[in-house]
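Heads up: the structure comes next, in structure tokens.
Read the figures in this text as sums done on the coordinates, not as results from a lab. Everything numeric here is computed off the predicted structure, so don't read it as measured data. With ideal geometry, Cβ positions are generated from the backbone for all residues, glycine too; neighbour counts draw on all protein chains shown.
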Amino acid sequence: MVSLPAAQVEHGPDPVRKDGILGNRPDPAKFLERSPKLKVTVLDRLHHQSVLSATLFDKELLTELAKLAAYLQLGRFPAGHALEDKIMAAAFFEPSTRTRLSFESAMLRVGGKTISVADAKTTGVAKGESMRDIGQMFNSYADVVVVRHTEQRAIEDLTEYLKIPLINGGNGSDEHPSQALADWYALLKWNPEIAFGTLPEQFRLNIGIIGTPGNMRTVKSFLMLALLFHENINHITIFSEMADPLGDEMRELTKSSPIGIDFSRNLKQSLEYLDVIYMNAIAFLGDGYRSFGSEFALDNESNLKSDTVILHPLARGPELCTGLDETQHNLYFNQADGAVWMRQALLLAIFGRVRDVVPTTFLA
Ligand code: CP
């Protein structure tokens, strides 16, 4: 095993130890202990690649990205100027707190520049401009574009004329692939064995998903990536009121998985055996949103196992009680915090700049 060199902190104190993040804060260094060398050739697969769906990733690519993110989080690589000749457009035609700001923060932390649309009403969309035409403008103004839109089709329409990589920052009820990267970055830090080991049968994860992969983009992308870790997942239970929570696409994707997947409306009865709970606040239904009922809520009185962790892409609603924030069940703030490192790793890989920031002693 290669020992980790001393931290070369470029931007002040080690960000892992910064104050203010409540809850469970797994150490990125622990995640790196099992496999410290980076397989840059694996990350090369993302060079000039658009990220439209979580299906782009396999276990090896996701793991190498998470390793790069962990090194960046630890401040081990001097990456602060890596993308100083690049511009990222963050084009958000639907509200966002975390995705837009964490992508902008990620780009700035690796030296890049950002231009932003925070509100569709400030663009030509308000005058009826088409997404295809907007796509042509992005080619001239930026080197990569992160797009969020209420419409599933918007991403497809944009790519028709787009020559630069596009990262899907959430398209209607369809997908949110970089959120799923952040979700799994948090989980792999929490238990590195998921990526690097084979858990004994009795320790394989039982995951509860509160939501409907068929029409909730974060839940869908999370589940897509969960399938990559089938050796270490025993069972996934999907908690939903809907008759068909999976939908056609996810039914097809999950039918050949060895992971047992079942459905339940009774969260309370299942809590005592869940190791990981992934929850979300809202489902997209046509033009609107629907919140989940109170039977799918968690609070300090919920009968959780002592080591159960909760993930939530946020923003939260009443389904996730703030009383859980200061407990070790809370992995959701670490999930949101880790997104900025995972998105830096993603941007570096898309621009083919990983070799510029990783010292050769770290390369496999
Ligand atoms: N997780 C997530 O997509 O949050 P935002 O809606 O704030 O971007």
* Report Rg (one decimal) and Dmax (nearest whole number) for the chain, counting Cα atoms only, units Å. => 19.8, 59
* To do: Determine the gain in length on full extension of the stretch Lys30-Leu108; use 0.36 nm per residue of separation and subtract their C-alpha separation, reporting nm with one decimal.
  => 25.4 nm
* Asked: So, in Å, what gap is there between the alpha-carbon centers of region 214-270 and region 80-111?
  -> 31 Å
* Hull volume in cubic angstrom per residue (convex hull over the Cα atoms of region 179-337) -> 108 Å³
* Once amide H atoms are placed 1.01 Å from N in the peptide plane, what residues at a sequence separation of 5 or more from Ile115, or on another chain, have their amide H within under 5 Å of its amide H? -> Met88, Ala89, Ala90
* **Dipole magnitude (debye, nearest 20) for the chain, charges at Cβ of Lys, Arg, Asp, Glu** => 820 debye
* Structure fact -> Rounded to the nearest 500, the 222 nm mean residue ellipticity computed for the chain from DSSP H runs (n ≥ 4, each -39500 (n - 2.57)) alone is -9000 deg cm²/dmol
* Structure fact -> The set of residues whose placed amide H lies less than 5 Å from the amide H of Leu298, leaving out same-chain residues fewer than 5 positions away, is Leu320, Cys321
* To do: Calculate, in nm to one decimal, what Asp44 and Ile87 gain on full extension: separation in residues at 0.36 nm each, minus their alpha carbon distance.
  => 13.5 nm
* Karplus-derived HN-Hα couplings along region 47-53 (A = 6.51, B = -1.76, C = 1.60, θ = phi - 60°), whole Hz, x at Gly and Pro -> 4, 6, 9, 6, 10, 9, 9
* Which peptide among 259-272, 156-169 comes first, and what is the full order, when sorted by highest mean count of other Cβ atoms within 10 Å? -> 156-169, 259-272
* Dimensionless Rg over Rh [region 141-257; C-alpha; Kirkwood] -> 1.03
